[in-house]
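*Asks:* Input: one structure, supplied below.
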Amino acid sequence: AYSMGCRVAMCFAEQCPERVQRMILLAPDGLKRNILYRFACETSLGRWLFKQALHRIGFLNRTISFLVQAGWMKERLGKFLLQQLDSKERREKIFASWLIHRRLFPGKSLRAYDGTVVICFGQYDEVIPPRLAQRARALFSASLHIAEAPFGHRMISDDFAKWLSAQWFWV
């Protein structure tokens, strides 16, 4: 699974651990609940503001640029967000997927999963940073291997496939 799809995979493994032998999680979302995500998706005010911000892309772009220039957001994360929000269709898709996934978070019963888990973080990922590996270690009691790839959040590429095929844990 990749990014937000990792939440689905972890929740499935938590609910049906006997049906999952191995999980491979790339840039896994769901290891930590972000307070801004919770506000934007789990409160009516947050959902309204989130939707308004996505419809006022000029304001949102200026806000992201300001946060980067003020040093409150890393430049790489700002560029990633601006790229993700570059079209109305993508913004609507992000809004819908965030709302659909808002209640999908693995819990402590994930420790009952005893299959193999491979987690790959992007070394330059500002969205799901490698420091979340500690949270992964706390979530899983299973056989766990954590790798760090020389990529950012956008791992799904030919270069990533070449890197992944050369890794021993993949075999």
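*Asks:* So who's got an amide H within less than 5 Å of the one on TYR2, skipping anything under 5 residues away but keeping other chains? H placed 1.01 Å off N, in plane.
*Replies:* LEU26
*Asks:* Return the carbon/sulfur percentage of the accessible area of the stretch 1-48, one whole number, probe 1.4 Å, all protein chains in place.
*Replies:* 57 percent
*Asks:* In addition: Choose one answer from SER44, SER65, SER143: the residue with the largest mean-square fluctuation in a GNM of the chain with alpha-carbon springs under 10 Å.
*Replies:* SER44
*Asks:* Related question: Please give the charge dipole size of the chain, origin at the Cα centre, charges +1 on K and R Cβ atoms and -1 on D and E Cβ atoms. Round to the nearest 20 debye.
*Replies:* Result for the chain is approximately 600 debye, rounded to the nearest 20.
*Asks:* How much mean residue ellipticity at 222 nm does the chain get from its helices, if each DSSP H run of length 4 or more adds -39500 (n - 2.57) and you divide by all residues, to the nearest 500 deg cm²/dmol?
*Replies:* Here the helix-only value at 222 nm equals -14500 deg cm²/dmol.
*Asks:* Over the chain, average the accessible area per residue using a 1.4 Å probe and give it in Å², no decimals.
*Replies:* 61 Å²
*Asks:* Mind checking which aspartates and glutamates have their Cα closer than 16 Å to the Cα of LYS51? Skip sequence neighbours fewer than 8 apart in that chain.
*Replies:* GLU42, ASP86, GLU89, GLU92
*Asks:* Counting only protein heavy atoms and using a 1.4 Å probe, what share of the accessible area of the stretch 49-169 belongs to carbon plus sulfur, as a whole percent?
*Replies:* Exposed carbon and sulfur together represent 54 percent of the surface.
*Asks:* As an exercise, use a Förster radius of 30 Å and the Cβ-Cβ distance of GLN15 and PHE39 to find the FRET efficiency, rounded to the nearest 0.05.
*Replies:* After rounding to 0.05, the efficiency reads 0.65.
*Asks:* Now for a different question. How compact is the chain by the rule of thumb for globular proteins, expressed as Cα Rg over 2.2 N^0.38 Å?
*Replies:* Compactness ratio reported: 1.10.
*Asks:* Sort PHE50, PHE66 by heavy-atom solvent-accessible area, probe 1.4 angstrom, most to least.
*Replies:* Sorted descending by solvent-accessible area, the residues read PHE66, PHE50.
*Asks:* Here's something else I'd like to know. Just to be sure I understand: with springs between alpha-carbon atoms less than 10 Å apart, which residue in LEU26, LEU81, LEU45 has the highest mean-square fluctuation in the Gaussian network model of the chain?
*Replies:* Maximum fluctuation in the GNM of the chain, among the listed residues, is at LEU45.
*Asks:* If you don't mind, there's one more thing I want to ask. To the nearest 10 Å², what's ILE156's accessible area with a 1.4 Å probe?
*Replies:* 110 Å²
*Asks:* Given Cβ point charges of +1 (Lys, Arg) and -1 (Asp, Glu) and nothing else, what value in debye, to the nearest 20, does the dipole of the stretch 1-85 about its Cα centre take?
*Replies:* About 220 debye.
*Asks:* How high is the relative contact order of the chain, given as a whole-number percent (alpha carbon pairs under 8 Å, six or more residues apart)?
*Replies:* This gives 28 percent for the chain.
*Asks:* If you wrap a convex hull around the alpha carbons of the stretch 81-153, what volume per residue comes out, as a whole number of Å³?
*Replies:* Per-residue hull volume (Cα only) is 103 Å³.
*Asks:* Once the principal axes of the Cα atoms of the stretch 34-127 are found, what is the range along each, listed largest first in whole angstroms?
*Replies:* 47, 33, 24
*Asks:* For a bin width of 10 Å, list the pair-distance distribution of the stretch 120-168 built from all Cα-Cα distances, rounded to whole %.
*Replies:* 25, 49, 26, 1
The values are calculated or read from the model by the stated rules, or taken from the named source; none is laboratory data. These numbers come from a predicted model, not from an experiment. Positions of Cβ are generated from backbone atoms using ideal geometry, with glycine treated the same way; all protein chains shown enter the neighbour counts. Each accessible area value is taken on the protein alone, full model and side chains, heavy atoms only, with ligands, DNA and RNA left out. Shrake-Rupley method; radii C 1.70, N 1.55, O 1.52, S 1.80 Å.
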